[in-house]
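The values are calculated or read from the model by the stated rules, or taken from the named source; none is laboratory data. Note that this is a predicted model, so its numbers are computed, not measured. Cβ placement follows ideal geometry from the backbone for every residue including glycine, while neighbour counts extend to all protein chains displayed. Note: accessible area is taken over every heavy atom of the protein model, side chains too, but ligands, DNA and RNA are not part of it. Shrake-Rupley method; radii C 1.70, N 1.55, O 1.52, S 1.80 Å.
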Amino acid sequence: MPQLSDTTRGRILFGGDYNPEQWPEETWTEDARLMRDAGVNSVTLGVFSWARLEPEPGEREFGWLDRLMDLMHGNGIGVVLATPTSSPPPWLGRLHPETLPRDADGRIEWWGGRQHFSHSSAVYRHHAAAITEALAARYADHPALTMWHINNEYCTFDYGDEAAVAFRRWLRAKYGTLDALNSAWGTAFWSQGYDTWDGVLPPRHAHYLNNPTHVLDFKRFTSDMLLECYTAERDIVRRYTPHIPVTTNFMPLWVGQDGWRWSEEEDVVSVDLYPDPRDPLGAQSAALVQDLTRSQAHGPWMLMEQAAGPVNWRGVNHPKPRGLNRLWSLQAVARGADAVCYFQWRQSRQGAEKFHSGMLSHAGERGRTFQEVKQLGAELARIGEEVTGSHITSDIAILHDWNAWWAGAQDGRLSTEVEYPEVLRAWHRALWESHLATDFAHPEHDLSAYKLVVVPQLYLLTDTAIDNLLAYVRAGGTLVSGFLAGIADEDDRVRSGGMDARLRELFAIRTLHEWWPLDAGETAECEGFRGTLWSEEIEPEDDNVDEVIPYKGGELDGLPAVLRRGRSWYVSTLPEPHALRALLARVADGAGVRPVLAGAPLGVEAVRRGEVLFLLNHGREPVTVELPDAHRDLLTDETVEGELTLGRYGVAVLRP
Ligand code: GLA
């Protein structure tokens, strides 16, 4: 299988989405000059070009793209060529309204924006395949072609009639009989029993709470249908260019795709990442996505899109202060990216994203954004050879599963304050701030390489996953679990006792009497810290429990907030950040896991990628870091020994 390294060839890919159909051709020549100036070596062409390539059904206009491909090649810039299938031309919706998706209320998502396609529409799929085939046939041998980019940020749900037919087909394949479906969905409750397959619909707008397993299966179905769209196009391009890697860009922790399944179908795993420059934990939430993407890729990955300055889809959109774009780009490289790319090259003057930044902003060549982009391009070129292709080793795995998120997010849950991504973030943050390197893994993955496994929240766990966790601990691993773990089976049936019996035994929980969710801002006093979000009324197995940190005061006074049996820890609340950090640092230490750089100050991120140590100062004040050995800074080519001072947003890329 082709890989990212086939495209990078020892360089970090640097560039971004290039949408030149918005500009007269004179601008293209200037673009090429400025790209060369900035060290751009890769652009993504064609993401939104369907109407330009096929202005009328079956007609093809490739001349402009031919000239662009040649122009890029002539300037030494590789092309990641996109299939344009995320934004069908207006004629497709006009001539074939069944290609348009419907929301849960039955409203049509019309053309005029983008991503207005039904994954289940045979007509859409037919036209998408045809334009993909035409592109693949035309550019298979073009020397600029370095990668295929299928569609863009797959994300459409469809509750329409054709999707209903496809959903039934999917359910039949899964359950075989209606009895099995009725049993899995628990349709005996509220008189929902189905007597014919035709009665089964997508979970459309209902009077009151939809059946949660129905909703869960619909999410699984949507992920699978979008994946079918992806693999159909991937297979077409592969037929023409088996040696060229294929990717599609994920959105960070987006709810709609089972990322573990999807990444198995890609040659290159890529992600779009837009942390808020004003978010004090922006770097940490980026680190989380980077760790997850690297784990999905099992190695180097591609930062397909980020913003050089502001985005335009938050309420208030802040620019990146001087140095932040460089810092966050090098952070991605530190955490395994071999490609640092943007949406988009030149900021648009028209259309919905004209206030979204580009590498070349409205301020032009002299603008700070472009000047910083240019500096970054030169720095990436300097370190590319030393870092590309290298891996990060981690002794810790955080377990994450989209199915558990989907099931846990149901409308009838006990607390809407508990948001899965936030809980994941809190646990990752505790490890990140302790300078502990972390991978992510699926709960059914082989965990034997890890000394510590962390379960922030896996409300739904399959029997296979539970067996896997038990086997991991039996083989000597250390496990820490947060609350709401192993509550439901894969059909979202609550396990007897309210939590899987084997897990209760593992953690020495005799009875889980009640869940006690906390209100927004409410805390639960525990010995030595405060808990947030959640608390539990647990009766421990006194003979088996090795350590307890109790709740103090209130209804749960004296009951365990945290309990440990052997190497298994259970945390029934979300400790406030400093307490979770201290707890995990202690557990990691006990499991023999060492931080990347002992004593590194809070706010400095230390990552070891291959032999190279990255130090990143996320603060605006200079900090001093103690280095045990002499290193060469690949950015400055200077030798550093003893103490190293990192300025505001400063970065050092150190080789022993
Ligand atoms: C996503 C899309 C891009 C663009 C950016 C804006 O990443 O893929 O086309 O809309 O968002 O942030």
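How much length is gained if the chain between R382 and E26 is pulled fully straight, taking 0.36 nm per residue apart and subtracting their Cα-Cα distance, in nm to one decimal? Let's see the in-between values first.
Details: separation 356, 0.36 × 356 = 128.16 nm, distance 3.13 nm.
Extra length available between R382 and E26 comes to 125.0 nm.
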Tell me the label-point distance for the pair D6, Q371, using the 7 Å Cα-to-Cβ offset, in nm and rounded to one decimal. 4.2 nm
Residue farthest toward the positive end of the dipole of the chain, with Cβ of Lys/Arg at +1 and Asp/Glu at -1: which of P20, L201, P577? P20
Quickly work out the D37-to-D467 label distance, labels modelled 7 Å from Cα along the C-beta direction, and quote it in nm with one decimal. 6.3 nm
Point-to-point label distance, A363-S415, nm (Cα→Cβ direction, 7 Å offset): 4.4 nm
Eight or more residues apart or on different chains, and alpha-carbon atoms under 30 Å: count the Lys pairs in the chain matching that. 4
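May I ask you to give the percent of accessible area on the chain that is carbon plus sulfur, with a probe radius of 1.4 Å?
On the way: 12430 of 25710 Å².
C and S atoms contribute 48 percent here.
Mind checking the dipole of the stretch 517-574: about its Cα centre, +1 per Lys or Arg Cβ, -1 per Asp or Glu Cβ, Debye to the nearest 20? If you can, show how the numbers build up before the last one.
On the way: 5 positive and 14 negative charges, 72 e Å.
Once rounded to the nearest 20, the dipole reads 340 debye.
Sorted by mean Cβ packing within 10 Å, highest first, what order do the peptides 164-170, 304-310, 432-438, 238-244 take? Walk me through the numbers on the way to the answer.
Numbers: 164-170: 18.4, 304-310: 25.1, 432-438: 21.9, 238-244: 15.3.
Averaged packing, sorted descending, gives the order 304-310, 432-438, 164-170, 238-244.
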Charge dipole magnitude, Cβ of K and R +1, D and E -1 - the stretch 399-516, Cα centre, debye nearest 20: 460 debye
Given Cβ charges of +1 for Lys and Arg and -1 for Asp and Glu, the option among L469, V587, V480 whose Cα lies farthest towards the positive end of the dipole of the stretch 396-590 is V587
Cβ-placed point charges (K, R +1; D, E -1), dipole of the chain about Cα centre in debye, nearest 20: 1340 debye
The stretch 311-357 versus the stretch 243-287: alpha-carbon centroid distance in Å: 15 Å
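Could you give the DSSP H helices of the chain that reach 24 angstrom or more along their long axis (alpha carbon positions) and whose average Kyte-Doolittle hydropathy is no lower than -1.0?
Working: long enough: 122-139 (26 Å, 0.16); 212-240 (43 Å, -0.47); 368-387 (28 Å, -0.43).
The answer, listed by residue number, is 122-139, 212-240, 368-387.
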Taking a ≥ b ≥ c as the square roots of the Cα gyration tensor eigenvalues, with a/c under 1.5 meaning rounded and otherwise prolate when a/b beats b/c or oblate if not, the stretch 604-655 comes out prolate
So what does log10 I(q)/I(0) come out to for the chain at q = 0.06 Å⁻¹, using the Debye formula with one equal point on every Cα and no solvent? -0.36
Only residues of the stretch 196-239 count here: report those whose backbone N is under 16 Å from the spot 7 Å along Cα→Cβ of Q115, or say none. 219, 222-227, 229-230
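Averaged per residue, what accessible surface does the chain expose to a 1.4 Å probe, in Å²? If you can, show how the numbers build up before the last one.
Numbers: 25710 Å² over 656 residues.
For the chain, the per-residue accessible area is 39 Å².
In what sequence, highest mean first, do 611-621, 259-269, 638-648 appear when ranked by Cβ atoms within 10 angstrom?
Details: 611-621: 18.6, 259-269: 20.2, 638-648: 13.4.
Packing order, densest peptide first, comes out as 259-269, 611-621, 638-648.
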So for each of 82-89, 514-521, 30-37 I average, over its residues, the number of other beta carbons within 10 Å; can you give me the resulting order with the highest mean first? 82-89, 30-37, 514-521
Residues of the stretch 399-440 with amide N under 20 Å of a point placed 7 Å along Cα→Cβ from A520: 409-426
